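Participant: Here it is: the structure, laid out below.
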Amino acid sequence: MRQIGYVFLLLPTLASADSIRCGGYLVNTGDSQSRVLEVCGEPQSARQDGFIEQVVRRKDSNIILNPVPSDPNANPGQPTYETESRRIIPVYKWEYNLGHGTFLKILTFEGDTLVNITDGPRQ
């Protein structure tokens, strides 16, 4: 009889989820900080974890040019112009210990919006 050996390598990983349960309620990505506070209460740890820069670009083809081109037949098509706006958004990390034997829950907010929920170490 032939024996087959298996080797399992266990590495600590951060699992990502779209929701966590606090009491009888769910908190989902997309929820606001006030909703998370209402459902889960104060986090055991809260810190600002940097910033992200959000850049929004918009093309606009409804801009009137002055002066009007001298040769009306030379119109290669409606010109488009790109506008850009930038804003700095703070990133916050909140940690919840939901009890002995559970994984620490790390909630990441961009501004006021919950964007990610990850598992930390087992408590």
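The values are calculated or read from the model by the stated rules, or taken from the named source; none is laboratory data. Everything numeric here is computed off the predicted structure, so don't read it as measured data. In this analysis, Cβ positions are derived from the backbone assuming ideal geometry, glycine residues included, and neighbour counts consider all displayed protein chains.
Participant: Could you go through the range 41-56 and let me know if any residue there is modelled with pLDDT of 60 or more, under 25 Å from the mean Cα position of the chain (by Cα), more than 22 Å from residue 89 (Cβ to Cβ) and surrounded by 12 or more Cβ atoms within 10 Å (Cβ to Cβ).
Facilitator: Initial filter on the range 41-56 (modelled with pLDDT of 60 or more): 41-56.
Those left that are additionally under 25 Å from the mean Cα position of the chain (by Cα): 41-56.
Within this subset, residues satisfying the condition of being more than 22 Å from residue 89 (Cβ to Cβ) are 41-42, 44.
Still in the running and surrounded by 12 or more Cβ atoms within 10 Å (Cβ to Cβ): 44.
The answer is yes; a qualifying residue exists.
Participant: Looking at the range 19-48 only, could you name the residues that are under 16 Å from residue 115 (Cα atoms) and among the hydroxyl-bearing types (Ser, Thr, Tyr)?
Facilitator: Within the range 19-48, 19, 29, 32, 34 meet the criteria.
Participant: Moving on to the next point. Within the range 90-123, can you find the residues that are charged (D, E, K, R) and outside any strand (DSSP E or B)? Walk me through how you get there before you give the answer.
Facilitator: Let us first name the residues in the range 90-123 that are charged (D, E, K, R), namely 93, 95, 105, 110, 112, 119, 122.
Answer for the range 90-123, where residues must be charged (D, E, K, R) and outside any strand (DSSP E or B): just 112.
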